[in-house]
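Q: Provided herewith is a single structure, encoded as structure tokens, for subsequent inquiry.
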Amino acid sequence: MIWRSGMFKKNDWDLDGPWGIGKEDYMTFISNSGSLSSVENILELGSGNSTCQLAKDFPNTKIISLESSSIYAQESEELLLSNSLHNAVVLFSPLRLLYFKRGLFLTYSPSVLQGKSCRFDLMLIDGPPENSCPRGREAGLYAFFNRLSVGSIIGLDDYHRERARRTVANWFIIFGSAIEIVDETKSFVVLRKTKEYPENLFNLNMLFSTYSSTVISLLGLFKYRFVSTKKSLIR
């Protein structure tokens, strides 16, 4: 089912709460799915109320949500089950230090989708937490870009933050014309994958970024492990 103007009347789950995507930004994201002929699979980075909302608004679509906190993963899965939303699944995905595009990042590992051959038509990036993984959301697109269909829609939350704007700038350095911005608000940006991405040549603009990402990711790993041990990971 594709979202059409007038179909979506209200939010059933609170999207404006702490760490929520926000109702208006959610609307911006799904309204752009109207450009797709079909939405068969959705990938979400960071679970929560938005997972349930996506499952309700796209009942014939398979939704996979990755969550780095075992506590939040369990809560989101229980919320789905209690509302009989069986088309979405939350996968606990501990963050890993991974090397992408000549940089070291702390983010979700692509191996969590091992054995799943599907390509995704929508991708919503609202995790991992920026306080412990400053470039984790940037790396999310590096990790899963080849799992997206050409023409797929990508949404990035918290676009009002300087780090999110640098994330998008870095994506364009890496992917170039393979992505384009199709919509944005003050706090959310929507992009489209326009073509498959060939192996990139070394880009001098990424030299400092590579060093920076390595240092930041190592510091982030220490903080992530420390916070996870206390079972109080804050989104």
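The values are calculated or read from the model by the stated rules, or taken from the named source; none is laboratory data. The shown structure was predicted, so the numbers you read here are calculated from the model rather than taken from an experiment. Every residue, glycine among them, receives a Cβ derived from its backbone with ideal geometry; neighbour counts consider all protein chains shown.
Q: When the residues of the stretch 85-105 are narrowed to those that are touching a residue at least 60 places away in the same chain (Cβ under 8 Å) and basic (Lys, Arg), which ends up farthest from Tyr142 (Cα to Cα)?
A: Arg102
Q: Sticking with this structure for a sec: With respect to Gly155, is the statement that it is surrounded by fewer than 15 Cβ atoms within 10 Å (Cβ to Cβ) and at pLDDT 95 or above true?
A: no
Q: Only one of Tyr108, Tyr72 is in contact (Cβ under 8 Å) with a residue 60 or more places away in the chain, of a type in the set (Phe, Trp, Tyr) and within 20 Å of Ile174 (Cβ to Cβ). Can you tell me which?
A: So the residue among Tyr108, Tyr72 that is in contact (Cβ under 8 Å) with a residue 60 or more places away in the chain, of a type in the set (Phe, Trp, Tyr) and within 20 Å of Ile174 (Cβ to Cβ) is Tyr108.
Q: Which one is modelled with the highest pLDDT among residues in the stretch 23-51 that are assigned to a loop (DSSP other than H, G, I, E, B) and surrounded by fewer than 20 Cβ atoms within 10 Å (Cβ to Cβ)?
A: Looking at residues that are assigned to a loop (DSSP other than H, G, I, E, B) and surrounded by fewer than 20 Cβ atoms within 10 Å (Cβ to Cβ), I get Glu40.
Q: Those residues that are outside any loop (DSSP other than H, G, I, E, B) and among the aromatic types (Phe, Trp, Tyr), I need them from the stretch 103-146; list them, please. Give the derivation first.
A: Quick first cut of the stretch 103-146, residues outside any loop (DSSP other than H, G, I, E, B) only: 103-107, 110-113, 120-125, 136-146.
Correct list: Phe105, Phe120, Tyr142, Phe144, Phe145.
Q: A follow-up question, please. Out of Ser70, Ser82, Ser76, I need the residue that is farther than 16 Å from Gly136 by Cβ and in contact with a Gly (Cβ under 7 Å, 6 or more places away or on another chain). Which one?
A: Result of the check over Ser70, Ser82, Ser76: Ser76.
For every residue, the table says whether it meets (1) surrounded by fewer than 19 Cβ atoms within 10 Å (Cβ to Cβ); (2) closer than 30 Å to Ala55 by Cα; (3) modelled with pLDDT of 95 or more.
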site	(1), (2), (3)
Ser117	yes, yes, no
Leu122	no, yes, yes
Asn131	yes, yes, no
Leu148	no, yes, yes
Asp183	yes, yes, yes
Val189	no, yes, yes
Phe226	yes, no, no
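Q: Run down Ala178, Ala169, Ala164 and say which single residue is over 24 Å from Glu40 (Cβ atoms), hydrophobic (A, V, I, L, M, F, W, C), more than 15 Å from the chain's Cα centre (by Cα) and at pLDDT 95 or above.
A: Details: Ala178 fails: over 24 Å from Glu40 (Cβ atoms); Ala164 fails: more than 15 Å from the chain's Cα centre (by Cα).
Unique residue meeting the criteria: Ala169.
Q: Looking at (1) modelled with pLDDT of 90 or more; (2) surrounded by fewer than 23 Cβ atoms within 10 Å (Cβ to Cβ); (3) part of a loop (DSSP other than H, G, I, E, B); (4) not small (Gly, Ala, Ser), which is the only condition Ile71 fails?
A: Here Ile71 clears every test but (3).
Q: I'd like the full set of residues that are out of contact with any Phe, Trp or Tyr (no Cβ under 6 Å at 6 or more places or on another chain) and either in a loop (DSSP other than H, G, I, E, B) or not charged (D, E, K, R) (or both), limited to the stretch 52-68.
A: Residues satisfying the conditions are Leu54, Ala55, Phe58, Pro59, Asn60, Thr61, Ile63, Ile64, Ser65, Ser68.
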